[in-house]
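S.K.: The structure's right below; bear with me while I get my questions together.
The values are calculated or read from the model by the stated rules, or taken from the named source; none is laboratory data. Please read all numbers here as calculations on a predicted model, not as lab measurements. All Cβ positions, even for glycine, are placed from backbone atoms using ideal geometry, and neighbour counts span all protein chains on display.
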């Protein structure tokens with residue numbers, strides 16, 4: 001560590017710079033993985049996902065630069081060569097044979113969560129060391145990429161719900177509009193179950209639109 005204008009003790013600066021370099025390795029790795037998704041995405045969602053992935057990469061590049069500069073400001077060296085990133089990143093390797101649009105969405109969403117977890121840990125350490133500037137910096141990263149992670153999961157969920165609704169309608173035909181009230185209610189309940197199963201498989205959470213119990217209560221009322 002070299003002398004800097006920072007008033008923080010050298011031990012605090014050393015610890016904070018270390019976690020910043022760890023997050024820099026994660027961020028540079030994630031940036032390259034987003035670009036791989038951007039280059040290789042295929043499928044019906046291509047027109048919207050291709051520019052969205054580029055937007056994510058552009059945003060992350062700005063954050064990576066800011067994190068590296070903060071580490072240097074604290075008196076450390078920013079570490080970010082390809083070999084250093086490969087050695088230090090906590091992200092899993094990207095599945096390079098992926099091409100289907102929603103598979104890319106799922107892969108990126110999982111890696112965003114790993115990246116965000118590391119950023120939260122780094123922010124906690126910075127707060128403990130009373131480094132308000134680093135806390136503000138990392139809060140900005142969290143704000144933007146928590147939103148981006150939500151975009152990915154919402155996109156995957158919306159596509160899955162539509163596909164599940166189409167499957168349910170195909171499976172049961174037009175009985176919901178032709179049959180007796182009891183049959184229509186059963187059709188609606190089963191359709192919700194299909195959507196529910198697909199939704200949980202897609203994002204690991206239940207949604208209001210997909211919850212089968214809601215359908216049962218509505219049918220009974």
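S.K.: Looking at the range 1-16, which of the residues that are part of a helix (DSSP H, G or I) and touching a residue at least 60 places away in the same chain (Cβ under 8 Å) is surrounded by the most Cβ atoms within 10 Å (Cβ to Cβ)?
M.R.: So, considering only residues that are part of a helix (DSSP H, G or I) and touching a residue at least 60 places away in the same chain (Cβ under 8 Å), the one surrounded by the most Cβ atoms within 10 Å (Cβ to Cβ) is 16.
Here is a yes/no grid of residues against (1) in contact with a helix residue (DSSP H, G or I) (Cβ under 7 Å, 6 or more places away or on another chain); (2) under 14 Å from residue 26 (Cβ atoms):
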site	(1), (2)
71	yes, yes
99	yes, no
112	yes, yes
116	yes, yes
140	no, no
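S.K.: Moving on to the next point. For the range 27-51, how many residues are out of contact with any helix residue (DSSP H, G or I) (no Cβ under 7 Å at 6 or more places or on another chain) and within 18 Å of residue 153 (Cβ to Cβ)?
M.R.: First, the residues of the range 27-51 that are out of contact with any helix residue (DSSP H, G or I) (no Cβ under 7 Å at 6 or more places or on another chain): 32, 36, 39-40, 47-48, 51.
Still in the list and also within 18 Å of residue 153 (Cβ to Cβ): 48.
Counting residues in the range 27-51 that are out of contact with any helix residue (DSSP H, G or I) (no Cβ under 7 Å at 6 or more places or on another chain) and within 18 Å of residue 153 (Cβ to Cβ) gives 1.
S.K.: List the helices (runs of 4 or more DSSP H) that sit entirely inside the range 23-140 and contain at least 3 residues that are under 18 Å from the mean Cα position of the chain (by Cα), surrounded by fewer than 19 Cβ atoms within 10 Å (Cβ to Cβ) and modelled with pLDDT of 95 or more. Let's see the steps before the verdict.
M.R.: Details: elements: 46-73, 82-88, 101-128.
Hits in the range 23-140: 46-73, 101-128.
S.K.: In the same structural domain as residue 148 (by TED's automatic domain parsing), out of contact with any strand residue (DSSP E or B) (no Cβ under 9 Å at 6 or more places or on another chain) and in contact (Cβ under 8 Å) with a residue 24 or more places away in the chain: does that describe residue 19? Explain how you work it out, then say what you get.
M.R.: Details: in the same structural domain as residue 148 (by TED's automatic domain parsing): yes; out of contact with any strand residue (DSSP E or B) (no Cβ under 9 Å at 6 or more places or on another chain): yes; in contact (Cβ under 8 Å) with a residue 24 or more places away in the chain: yes.
Considered against the rule, which asks whether it is in the same structural domain as residue 148 (by TED's automatic domain parsing), out of contact with any strand residue (DSSP E or B) (no Cβ under 9 Å at 6 or more places or on another chain) and in contact (Cβ under 8 Å) with a residue 24 or more places away in the chain, residue 19 comes out as yes.
S.K.: In the same structural domain as residue 144 (by TED's automatic domain parsing), touching a residue at least 24 places away in the same chain (Cβ under 8 Å) and touching a strand residue (DSSP E or B) at 6+ places or on another chain (Cβ under 7 Å): which single residue out of 75, 43 fits that description? Spell out how you get there, then give the answer.
M.R.: Details: 75 fails: touching a strand residue (DSSP E or B) at 6+ places or on another chain (Cβ under 7 Å).
Every option except 43 fails the conditions.
S.K.: Pairs, please: C-beta under 7 Å, at least 6 apart or cross-chain, first residue not assigned by TED's automatic domain parsing to the domain that holds residue 70 and in the range 109-133, second surrounded by 15 or more Cβ atoms within 10 Å (Cβ to Cβ) and part of a loop (DSSP other than H, G, I, E, B)?
M.R.: Listed pairs, sorted by first residue: none to list.
S.K.: While we're on this one: Those residues that are modelled with pLDDT under 95 and either under 20 Å from residue 119 (Cα atoms) or under 19 Å from the mean Cα position of the chain (by Cα) (or both), I need them from the range 7-22; list them, please.
M.R.: None - no residue of the range 7-22 is modelled with pLDDT under 95 and either under 20 Å from residue 119 (Cα atoms) or under 19 Å from the mean Cα position of the chain (by Cα) (or both), so the list stays empty.
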